[in-house]
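Undergrad: Provided herewith is a single structure, encoded as structure tokens, for subsequent inquiry.
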Amino acid sequence: MKKDIKKELEKRILVLDGAMGTMIQRYKLEEEDFRGERFKDHSLPLKGNNDLLSITRPDIIKDIHREYYEAGADIAETNTFSSTTIAQADYELDEQTVYDLNFESAKIAREVADVFTTKNPDKPRFVAGSIGPTNRTASLSPDVNDPGYRAINFDQLKEAYKHQAQALLDGGVDIFLIETIFDTLNAKAALFAVYELMDEVGQDVPVMVSGTITDASGRTLSGQTTEAFLVSVSHFPLLSVGLNCALGARQLRPYLQTLDKKADYLVSAHPNAGLPNEFGEYDETPEQMQEQIKEFLDEGLINIIGGCCGTTPGHIKAIAEVSAQYQPRPLQKLAEV
């Protein structure tokens, strides 16, 4: 059943799925949906903790994965963007619960992926273990009056990421996707954790890294340019480097051009459906997003393409249709300086 994603990437552009949160919002869920039976007596409100739905409403998460695969996605992300002990501490959820969030999320995505692969072995489906940035930053102080203070350190991040990665691996992911990176030091802790884990268990799982350019300055939140971000992670044997979130496809394009010129890896992108309106909603239609992503494809910038905030199966269908008409970006070797 298991296919080699690297071989698939040599043949075609792979399509990543769209936004999990956007789809969950459509269900209009209440507190009871997030609590289920397991958390019915939990002391804190849990509504909005979407990762919990992999335990309390797995039917919804399964349906969302199914919709994205039906739309043409090759890779589904697990519902684990905030499934670290660090992020879940805000809800006072323990280490075992966090393990279960990751394991069950990976298991759900794996089951749906295998159904689609069985139906069409020529288009195998993959599962990416989503590893988000956490709600702490190792590079910046949350206190403007104490710039030297840090809410988290490297070792704490590494342990939390390793715990998450182990559960995702146990649940059956094909890839680790360290995404929405706003602080490269956090990302380096995650990378250290997953590669240490793979050394210990004797497995080789491809790793994707995706940073976030936060605004028109062209920098991450912790101040790095796209090129600096790339250099900071380039000592790891990555499958791909890319960008996601914060910006729409049009705004992301110049930074993808930088990666195309400099990256000795495959390049990925999963932009938002445009920029948010005054209500925080995303208005860009599938057709508009498709037209902008076609510009990436015309320039040969992309190996893996998908959607982030505001994207739906409709967006992914449009992206998959246009991507199928193009060859993937060739892996370029940097010339010696």
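Every number here is computed from the coordinates shown, using simple stated rules; none is lab data. This is a predicted model, so every value here is computed, not measured. Backbone-built Cβ (ideal geometry, glycine too); neighbour counts: all protein chains shown.
Undergrad: State, as an integer percentage, the relative contact order of region 130-203 based on alpha-carbon contacts under 8 Å between residues 6 or more apart.
TA: 40 percent
Undergrad: Work out which helices of the chain, taken as complete DSSP H runs, extend at least 30 Å along their axis over the Cα atoms and score a mean Kyte-Doolittle of -1.0 or more, then list them.
TA: Those that pass (Cα extent of 30 Å or more, hydropathy at least -1.0) are 95-119.
Undergrad: If you scale each eigenvalue of the Cα gyration tensor by 5 and take the root, what three semi-axes come out for region 1-154, rounded to whole angstrom and sorted largest first?
TA: 31, 21, 13
Undergrad: Moving on to the next point. What length, rounded to one decimal in nm, is gained on full extension from Thr118 through to Tyr149, with 0.36 nm per residue of separation minus their alpha-carbon distance?
TA: 6.0 nm
Undergrad: Okay, next question. So if I take the centroid of the Cα atoms in region 22-54 and the same for region 143-216, what is the distance between those two points in Å?
TA: 25 Å
Undergrad: Same structure, new question: Quick check: residue separation of Glu287 and Asp199 times 0.36 nm, minus the Cα distance between them. What number comes out in nm?
TA: 27.3 nm is the gain from fully extending Glu287 to Asp199.
Undergrad: Return the aspartates and glutamates within reach of Lys62: Cα separation strictly under 17 angstrom, same-chain partners fewer than 8 residues apart disregarded; answer none if there are no such residues.
TA: Hits, sequence-local ones excluded: Asp17, Asp33, Asp51, Glu70, Asp74, Glu77, Asp100, Glu104, Glu111, Asp114.
Undergrad: Another question about this same structure. Can you put Arg12, Arg38 in order, fewest other beta carbons within 10 Å first?
TA: The order, fewest Cβ neighbours first, is Arg38, Arg12.
Undergrad: Write down the Kirkwood hydrodynamic radius of region 94-232, to one decimal in angstroms, obtained as one divided by the mean of 1/r over all alpha carbon pairs.
TA: Final number for the Kirkwood radius of region 94-232 is 16.3 Å.
Undergrad: Another question, if that's okay. For Met289, Met20, what's the fewest-to-most ordering of other Cβ within 10 Å of each Cβ?
TA: With the fewest neighbours first, Met289, Met20 line up as Met20, Met289.
Undergrad: Then there is this: Which lysines does Lys7 reach when only Cα atoms under 17 Å apart count, and residues fewer than 8 places away in its own chain are ignored?
TA: Reachable lysines: Lys123.
Undergrad: Stretched out fully, how many nm does the piece from Ser217 to Asp59 gain, at 0.36 nm a residue minus the Cα gap?
TA: The span from Ser217 to Asp59 would gain 52.8 nm if fully extended.
Undergrad: Arrange the following residues from fewest to most other Cβ atoms within 10 Å of their Cβ: Thr80, Thr220.
TA: Thr220, Thr80
Undergrad: Considering every Cα-Cα pair within region 1-55, what fraction, in whole percent, is farther apart than 13 Å?
TA: Beyond 13 Å sits 68 percent of the P(r) for region 1-55.
Undergrad: Using the reciprocal of the averaged 1/r over all distinct C-alpha pairs, how large is the Kirkwood radius of the chain in Å?
TA: Value: 20.0 Å, from the Cα pair sum.
Undergrad: For region 110-260, what relative contact order do you get, as a whole percent, if you take Cα pairs closer than 8 Å and at least 6 residues apart?
TA: 20 percent
Undergrad: Once you put a point 7 Å from the Cα of Asn135 and another 7 Å from the Cα of Glu111, both along the Cβ direction, what distance in nm separates them?
TA: Label-label distance for Asn135 and Glu111, simple model: 2.9 nm.
Undergrad: Follow-up question, since we're still on this one. Taking DSSP loops as anything outside H, G, I, E and B, show the longest stretch in the chain free of GluC sites (Glu not before Pro) there with at most 16 other beta carbons within 10 Å.
TA: Here the longest run is 93-277.
Undergrad: Using the Karplus curve 6.51 cos²θ - 1.76 cosθ + 1.60 with θ = phi - 60°, what ³J(HN,Hα) values do you get for each residue of region 4-14, in whole Hz, with x for Gly and Pro?
TA: With the stated coefficients, region 4-14 comes to 8, 5, 5, 5, 5, 5, 6, 8, 7, 6, 9 Hz.
Undergrad: Right, another one. Pairs of alpha-carbon atoms within less than 8 angstrom and 6+ residues apart define the contacts here; what relative contact order does the chain have, in percent?
TA: The value is 19 percent.
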